[in-house]
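K.L.:
Questions regarding the structure given below will be posed in turn.
What follows draws every value from the coordinates through simple rules; no lab data is involved. Please read all numbers here as calculations on a predicted model, not as lab measurements. A quick note on method: Cβ atoms are made from the backbone with ideal geometry, for glycine too, and the neighbour counts reach across all protein chains shown.
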Amino acid sequence: QVQLVESGGGLVQAGGSLRLSCLASTSLFRIEPMGWYRQAPEKQRELVARITSGGSTNYADSVKGRFTISRDDAKNTVYLQMNSLQPEDTAVYYCTGNLGIRDYWGQGTQVTVSS
């Protein structure tokens, strides 16, 4: 069983920044890969960014150049640095990780960007 706890969401003006954190209850080396998804009202959940244990990353086209995913294995934490936020980035952001055949999800953290 793995627990993922997100934090760092909030309300920010367009052009601002936020950093999300995802604390895992187990070593990140057991969870492969780690990622962030988001879900806006009345929209499907979509991948935002993903990072492997080796540090390889991939991003949704809509966030490339603005968001950065990183990990601190010593702290069992994955981060999502979000810069140049836009109203269309408003969503609930979820941390996820795969261990074995199961995907684990956090409870989500709300990000609201005002224009």
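K.L.:
Which value, in Å to one decimal place, does the Kirkwood hydrodynamic radius take for segment 12-71 when every pair of different Cα atoms is included?
P.N.:
Working: mean 1/r = 0.0769 Å⁻¹.
Hydrodynamic radius (Kirkwood, Cα only) of segment 12-71 equals 13.0 Å.
K.L.:
Share of Cα-Cα pairs in segment 6-45 beyond 15 Å, in percent? Display every interim value, and only then the final one.
P.N.:
Values: 468 of 780 pairs.
Distances greater than 15 Å cover 60 percent of the Cα pairs.
K.L.:
Could you go through segment 86-100 in sequence order and give the Karplus-derived ³J(HN,Hα) for each residue, using 6.51 cos²θ - 1.76 cosθ + 1.60 with θ = phi - 60°, rounded to whole Hz, and x for Gly and Pro?
P.N.:
Using θ = phi - 60°, the values come out as 10, x, 6, 7, 4, 4, 8, 9, 10, 8, 9, x, 10, 10, x Hz.
K.L.:
Starting from the Cα of Glu42, step 7 Å toward the Cβ, then list every residue of segment 91-110 with an amide N under 20 Å from that point.
P.N.:
91-93
K.L.:
Right, here's the next one. Please state the equivalent ellipsoid semi-axes for the chain: what are the square roots of 5 times the Cα gyration tensor eigenvalues, largest first, in whole Å?
P.N.:
Numbers: eigenvalues 106, 38, 32 Å².
Largest first, the chain gives 23, 14, 13 Å.
K.L.:
Pop the C-beta distance of Asp103 and Arg66 into the FRET formula with R0 = 22 Å and round what comes out to the nearest 0.05. Let's see the in-between values first.
P.N.:
On the way: r = 26 Å, r/R0 = 1.16.
Calculated transfer efficiency: 0.30.
K.L.:
In percent, what relative contact order does the chain have, based on Cα pairs under 8 Å that are 6 or more apart in sequence? Don't skip to the end; give the middle numbers.
P.N.:
Numbers: 283 pairs, mean separation 42.1, N = 115.
The value is 37 percent.
K.L.:
Just to verify a number: FRET efficiency for Leu11 and Thr57, C-beta to C-beta distance, R0 = 25 Å, to 0.05?
P.N.:
On the way: r = 27 Å, r/R0 = 1.08.
My answer for the efficiency is 0.40.
K.L.:
Relative to the present Cα-Cα distance, how much length would full extension add between Arg19 and Gln86 at 0.36 nm per residue of separation? Don't skip to the end; give the middle numbers.
P.N.:
Working: separation 67, 0.36 × 67 = 24.12 nm, distance 1.45 nm.
Additional length available on full extension: 22.7 nm.
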